[in-house]
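What follows is a set of notes on a single structure, which appears directly below.
The values are calculated or read from the model by the stated rules, or taken from the named source; none is laboratory data. The structure presented is a predicted model; accordingly, all values stated were derived computationally and were not measured. Positions of Cβ are backbone-derived with ideal geometry, glycine not excepted, and every protein chain shown enters the neighbour counts. Quick note on the areas: whole protein, heavy atoms, side chains included, nothing else; ligands and nucleic acids left out. Shrake-Rupley method; radii C 1.70, N 1.55, O 1.52, S 1.80 Å.
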Amino acid sequence: MTGGGSAGGHSFHSNVGLAVAVTVMAGLAVAATLVYSNRGHLQSPWSRRRRKHAVQPKLWKSLFDEDGRLCDGGVKFLKKVRSGGVHPSLRPEVWPFLLGVYDLKSSKEERDVVKTKNKDEYEKLRKQCEQTYTRSEETTQIKEISESNNNEDCKDSGEVLDPSSPKIILSTDLNQIDNQHCEVSDESEVTFKSEEVPEPSSPESPLSSGQNQAGNLKPSEAGDGSEITSKSETESSDSDSSSEIDDMGPEKLTQQTDTTSSNTGGNKTLNLHRSESFATWQRIIRLDAIRANDEWVVYTPSQAAVDSAKAHKLANSVCLKDYTHLEACRIFHAARLVSILEAYALYDSEIGYCQGMSDLLSPIISVVEDDSEAFWCFVGFMKKARHNFRLDEIGIRRQLNIVSKIIKGRDSHLYRHLEELQAEDCFFVYRMVVVLFRRELNFEQTLCLWEVMWADQTAIRAGITKSAWGRMRMWAPPTDDLLLYAIAACVLQKRKQIIEKHSSMDEILRECNNMAGHLDVWKLLDDAHDLVVSLHDKI
């Protein structure tokens with residue numbers, strides 16, 4: 001009995017000891033996990049659970065009080081968007097809040113006033129665009145008269161007009177062509193040009209310092225804005241603009257280089273210069289609109305079902321040409337792109353239009369069917385994204401520098417490898433920065449990423465980042481640069497291939513371009529928030 005009791009006691013104590021050991025080990029594991037998480041070495045807290053569902057219609061309605069104001073200043077709303085995005089049916093209602101068209105604390109009555117005011121302002125911009133169509137027709141008439149006079153002069157003098165020789169359209173009095181934009185209409189004409197459209201650069205050398213990146217004349221070199229340039233010198237403007245942005249370098253296709261004038265030409269010269277810039281933007285907008293893809297069609301049944309008569313009517317109203325090979329829905333989409341991008345070029349004449357902007361607008365007009373509201377959503381979007389299209393490239397350089405710092409802060413081994421390849425400046429992610437992952441993600445994934453990114457920016461804009469977030473703030477605080485953390489995350493996901501297989505920046509560039517269609521947007525956001533947790537205060 002004693003022996004049995006002794007054995008039983010020994011077994012009991014062993015079991016107790018084992019239980020205590022397991023408990024202690026579990027406690028240490030939890031503590032280690034907490035420490036590890038605080039150091040940012042684990043996956044983001046987002047990856048500890050499945051992604052929550054997108055904001056649903058029922059929840060959306062419950063977030064408003066009787067005056068139509070978002071409860072708690074929109075904090076709950078932004079939390080939900082950050083964790084799961086927005087249900088597709090709600091996007092037309094939700095996006096104006098995320099893009100700053102409507103204040104988070106506004107009532108329905110206040111939003112109705114803003115909507116009416118915005119509609120009026122958009123219509124004014126469109127009227128200005130339509131006036132340029134009239135001036136273009138008048139310019140065409142001037143050309144025809146000039147050509148007729150040239151022919152008559154040749155007949156009177158017995159001279160034979162060589163159709164291959166340049167036809168110079170000149171006026172001794174600028175008053176006669178004030179505000180006219182003179183466009184090239186055939187291969188042999190010589191026209192007034194205040195700027196040239198450069199050939200796009202290769203992605204192998206995205207930035208070149210000390211150079212006018214858009215290929216335009218600097219203000220000091222632009223003279224009076226009425227230089228005569230032959231078609232042969234500018235014939236690349238249209239063809240180059242239609243090249244895919246996959247090979248896009250930093251030289252945007254066109255930029256306005258002069259917004260003030262100290263030249264003797266005065267306001268008339270300035271007007272001619274501006275008109276010429278806008279004419280250039282118009283031509284490129286139309287080309288980019290025509291070649292816009294139809295990836296959005298399956299997500300927007302109402303626009304996909306537009307009838308041919310309505311599509312052609314809108315296309316004719318914005319002077320869209322060469323669209324007969326497109327189906328009705330794509331014609332309608334292209335015409336809307338032209339309408340809104342032209343208005344934006346007038347609204348923000350410092351930026352005007354650059355290749356890539358149509359990629360950013362296309363998803364917006366696919367979701368928001370009212371042109372006025374879509375325009376103001378685009379304006380809100382471009383408040384951040386416009387820096388990607390600045391002539392001085394300060395915005396792009398800043399963002400590439402942040403991506404470089406994130407990679408260096410998280411993975412010193414990968415960063416040293418990039419240094420050895422002289423790729424630590426991260427120019428290989430240039431395209432991702434410029435068009436905000438639009439080419440790497442499919443349509444739906446792009447919208448999800450943008451919504452989460454906009455929610456962060458909205459939170460910061462509303463001043464609710466340092467309070468009211470509770471535990472969420474401890475996990476991944478909102479940041480204006482979430483996109484850059486996502487870009488760094490996708491590079492880090494490919495670290496093994498980059499380190500072991502790639503020996504030049506060109507190879508890394510191809511690796512990044514090959515990511516298109518192979519990224520999981522929510523895994524990307526998990527990793528991006530992990531980086532925010534560990535590096536946000538250091539970057």
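Some observations on this one:
- Carbon and sulfur %, accessible surface of region 53-103 computed with the full protein complex present, 1.4 Å: 52
- Sites S302 and D348, calculated FRET efficiency, Cβ-Cβ separation with R0 41 Å, nearest 0.05: 0.90
- Binning the alpha carbon pair distances of region 328-404 at 10 angstrom intervals from zero yields the distribution 18, 49, 24, 8, 0, expressed in whole percent.
- Spatial separation of Cα centroids for region 409-469 and region 305-327, in angstrom: 36
- Near R495, once Lys and Arg are set to +1 and Asp and Glu to -1 for all other residues with Cβ below 13 Å from its Cβ, the sum equals +2.
- Rough spin-label spacing in nm, given labels placed 7 Å along Cα→Cβ, for A309 and E511: 5.7
- Once the Cβ-Cβ distance of D67 and E123 is raised to the sixth power relative to R0 = 30 Å, the FRET efficiency obtained is 0.55.
- Extension gain (nm, one decimal) between H87 and H518, 0.36 nm per residue minus Cα-Cα: 152.9 nm
- Remark on V55: its backbone amide H falls under 5 Å from those of G85, V86, H87, a criterion applied only to residues 5 or more positions apart or on other chains, H modelled at 1.01 Å from N.
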